[in-house]
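The values are calculated or read from the model by the stated rules, or taken from the named source; none is laboratory data. Note that this is a predicted model, so its numbers are computed, not measured. Here the Cβ positions follow ideal geometry from the backbone for every residue, glycine too, while neighbour counts run over all protein chains shown. When the accessible area is computed, the model is the full protein with side chains, heavy atoms only, and any ligands, DNA or RNA have been set aside. Shrake-Rupley method; radii C 1.70, N 1.55, O 1.52, S 1.80 Å.
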Amino acid sequence: MNSFRAIFTLVALAMVLWTCSEEFLEKTPQGQISTASTQTPEGVENLLIGAYAMVDGTGLDGQASWNNDITNWVFGGIASDNGLKGTDAGDQPEQSFIERYDFNSFNGHIRNKWRGLYKGVARTNDVITTARNVEGLTEERRNQIIAEARFLRGLFHFEAQKMWRFPIYVGDDVYDINDVESTKVPNGGKIWDKIEADFEAAAAALPENQPQVGRPTSFAAKAFLAKAKVYQGWDDSGNAVVAKLQEAKPLLEEIVNSGRYNLTPQFSHNFLVGTRNNEESIWEVQYAVSSATGDAATQGVGLAHPYIAPWGCCGFYQASQNLVNAFRTDEDGLPFLETFDQEDVTYETEYTDPLDPRLDHTVGRPGILYKNFQIHQTDFIRDVSYAGPFSSMKHVAEPEGYGVTGWGNLSANNYRIMRYGMVLLWLAEVEVELGNLERARELVNLLRQRAGNSEDFVPKVVQGENSRQEYSFVNGQVAANYKVATYDDAWTDQAMARKAVRFESRLETALEGHRFFDLQRWGVQSEVLNAYLDSEEEHRVYLRGVTFDAPQDEFYPIPTEAIDRSILNGEATITQDPNY
């Protein structure tokens, strides 16, 4: 398949750069890429691949791969009401601090997130400045290279703006590869305008189609530009910034009306190796794996797999009881928008009340077939008394994609960072705030119709006698009382419509690393997360007494290392978030 060869080609080129030291652009040691060797068409193409190599968060010297993972399962997942650190109390204590909103500027995860993102920024700036001067490139290709680099630069800075209240923006106008002081720029506020400028430039120059998957199209750039505007759509108090949402709407509508994208018929197809780059995909983080190496595979989520064989490591990133309860539905198949957490979805005995079928493609539950491997039970969990009985699963490869390389947990299960379902949800959010409630209902119903596709219901199975991995199907039966329906009554109340759209966003994108940042942009973190803590502490004793303190906890602190290394003429150019 051509797409797979394209992925592997990108990754193979990326590995050429990964094998270089962090200082490969400043030195010319034998066997490594020199500055001179990049001043050619081939050289600048390799520099661009090196920038792509930073997208997944690996490739940073001196860090564990999960510290800076693009899926944000730590910063967007376990810091939210969707996820728990999981495993046991003593493993990865830095994540425990994050889970308990005890953010500090010395946390290695936070430090490496900063280092990784800004190393990615540096690589994009190197591409841009080099491409402008390289001889032998056609002008068309020169412009394409610069556009792809600006797309990536926008992405890296977008991630930084989500993490830190006042990050820095490093553009090619100040970046000088020969001057280590050139990137010591002040952080004077939010950087949305510069992020938008990068995506606007990329959208104007990129083609509608790319010969290789993984390279962004103009529509991918427009989707991220719209996302940047939607992320500015509410102020810190949760009031709609209508002007920004109005800017986002035509971009979102252009994507919807283009006819290029559709929802996959089955929700689960967004989370399988075998259905990567499908009709719902606008841009995916590409992974590749072979029997020889897993270096370009899903290293950042390797720990976030069940504790039982065949994975055996390490039980991180479990689902909260609160999240599981959110998938409860009433007898008509509609969610409990206000009262979802008043009753628990139990696991000790079979739960027979109605459930949204997306639950069992999102969370591993005892008694339910887990991604066609085997029946999930509490032996999937490292310490049930600590973090409960529920596992995450969207990032886990199906059996056909497992065990390709030495550590079987590493797979080619792409991260669908931008998919059409998200665009529909953002457009629904915009329509609610603009007063177009019925259009918002139509958009949400598209997702709910897809969720009700019975071909995607997890089947009922029973445990075999010969091994833990053995099971057999119960003919014609499904694993739970799945019931999901569309909203058929007109939406006439804006507050209810807003709650319904946001609730749908949680159900559709749960455990994909977005939730903490969704609550952040809506201006509701304190309200939602403190209610979550009051409830979840009944199940997780280590959360007792924990509070989310706004405005401090709304963003992460800038790493002390970043501030210390920004000193120019005796003073730091970067200042800490004033709430820390």
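In sequence order, what are the phi-derived ³J(HN,Hα) couplings for region 262-268 according to the Karplus relation 6.51 cos²θ - 1.76 cosθ + 1.60 with θ = phi - 60°, rounded to whole Hz, with x for glycine and proline?
Calculated HN-Hα couplings, in order: 9, 5, 4, x, 10, 3, 5 Hz.
Against the longest principal axis of the chain, how steep is helix 218-231, in degrees 0 to 90 to the nearest 10, with axes from Cα atoms?
Relative to the chain, helix 218-231 is tipped by roughly 70 degrees.
What's the long-distance tail for region 299-512, i.e. % of Cα pairs beyond 33 Å?
Result: 18 percent of Cα pairs exceed 33 Å.
Give, rounded to the nearest 20 debye, the magnitude of the charge dipole that the chain has about its Cα centre when Lys and Arg contribute +1 at Cβ and Asp and Glu contribute -1 at Cβ.
My answer is approximately 1040 debye.
Taking the alpha-carbon set of region 166-220, what are its Rg and Dmax in Å?
Just the Cα atoms of region 166-220 yield Rg and Dmax of 14.7, 40 Å.
Once amide H atoms are built 1.01 Å from N in the peptide plane, which residues 5 or more positions from S392, or in another chain, come under 5 Å H to H?
For S392, the qualifying residues are A319, G364.
By per-residue mean of other Cβ atoms within 10 Å, what is the highest-first order of 220-228, 468-476?
Ranking the peptides 220-228, 468-476 by packing returns 220-228, 468-476.
Amide H to amide H, which residues 5 or more places from V478 or on other chains are under 5 Å from it, using H placed in the peptide plane?
Placed amide hydrogens put K460 under 5 Å from V478.
Over the alpha-carbon set of the chain, divide Rg by the Kirkwood Rh and report the Rg/Rh ratio to two decimals.
Radius of gyration over Kirkwood radius for the chain works out to 0.95.
Can you list the GluC sites (Glu not before Pro) in region 517-549 that are in a DSSP coil and have 12 or fewer other beta carbons within 10 angstrom?
Filter output for region 517-549: E538.
Rounded to whole Å, give me the distance from the Cα center of region 194-245 to that of region 265-295.
Rounded to whole Å, the Cα centres lie 22 Å apart.
Along region 170-175, what does the Karplus equation 6.51 cos²θ - 1.76 cosθ + 1.60 (θ = phi - 60°) give for ³J(HN,Hα), rounded to whole Hz, x for Gly and Pro?
Each residue's phi maps through the Karplus curve to give 10, x, 6, 6, 10, 5 Hz.
What percent of all Cα-Cα pairs in region 515-580 falls in each 10 Å bin, counting up from 0?
Reading upward from the zero bin: 19, 34, 26, 16, 5, 0.
Pairing the Cα long axis of helix 139-163 with the longest principal axis of the chain, what angle in degrees results, from 0 to 90 and rounded to the nearest 10?
50
Which order do the peptides 352-363, 248-259 come out in when sorted by mean C-beta neighbours inside 10 angstrom, highest first?
So the order, starting with the most tightly packed, is 352-363, 248-259.
Just name one of V474, M422, A440: the one whose Cα is farthest towards the positive end of the charge dipole of region 299-512 (beta-carbon charges, Lys/Arg +1, Asp/Glu -1).
M422
Below 8 Å, C-alpha to C-alpha, sequence gap of six or more: please give me the relative contact order for the chain in percent.
Contact order relative to length: 19 percent.
Charges only on Cβ, +1 for Lys and Arg, -1 for Asp and Glu: so what's the dipole of region 299-512 about the Cα centre, in debye to the nearest 20?
720
Along the charge dipole of region 299-512, which of G401, Q318, P357 sits closest to the positive end, that is, farthest toward it, with unit charges on the beta carbon of Lys, Arg, Asp and Glu (+1, +1, -1, -1)?
Value: G401.
Please get the size of the charge dipole for region 31-150, origin at its Cα centre, with Cβ charges of +1 on Lys and Arg and -1 on Asp and Glu, quoted in debye to the nearest 20.
320
Which of the peptides 425-431, 185-191, 212-218 is most tightly packed, and how do the rest follow, going by the mean number of other Cβ atoms within 10 Å of each residue?
425-431, 212-218, 185-191
What span do the alpha-carbon atoms of region 275-425 cover on each of the three principal axes, reported in whole Å from largest to smallest?
Projected onto the principal axes, the Cα atoms of region 275-425 cover 50, 38, 22 Å.
At a 1.4 Å probe radius, carbon and sulfur cover how many percent of the accessible area of the chain?
For the chain, the apolar C and S fraction of the accessible surface comes to 48 percent.
Please list 3J(HN,Hα) in residue order for region 568-578, calculated via the Karplus relation 6.51 cos²θ - 1.76 cosθ + 1.60 where θ = phi - 60°; whole Hz, with x for glycine and proline.
My calculation for region 568-578 gives 9, 6, x, 10, 6, 7, 9, 10, 6, 3, x Hz in order.
What residues qualify as long-range amide H neighbours of G86, i.e. H under 5 Å apart, gap of 5 or more or another chain, H built at 1.01 Å from N?
Y317, Q318
Considering only DSSP beta bridges whose two residues both sit in region 299-512, what percent are antiparallel, to the nearest 5?
90
Farthest toward the dipole's positive end in the chain, which of T509, Y118, T138, given Cβ charges of +1 (Lys, Arg) and -1 (Asp, Glu) about the Cα centre?
Ranked along the dipole, the leading option is T138.
If the reach is capped at under 21 angstrom between alpha carbons, list the lysines near K184, excluding any in the same chain fewer than eight residues apart.
K27, K113, K119, K162, K194
Once every Cα of region 412-454 carries one equal point scatterer and solvent is ignored, give the base-10 log of I(q)/I(0) from the Debye formula at q = 0.15 Å⁻¹, two decimals.
Rounded to two decimals, the profile gives -0.43.
Which lysines have a Cα lying under 20 Å from the Cα of K394, excluding residues fewer than 8 positions away in the same chain?
K85, K371, K460
Whole angstrom only: what separates the Cα centroid of region 435-477 from the Cα centroid of region 118-181?
43
Taking the chain as the reference, fit the longest principal axis to its C-alpha atoms, fit the long axis of helix 525-536 to the helix C-alpha atoms, and give the angle between the two in degrees, 0 to 90, nearest 10.
Here the helix axis deviates by roughly 40 degrees.
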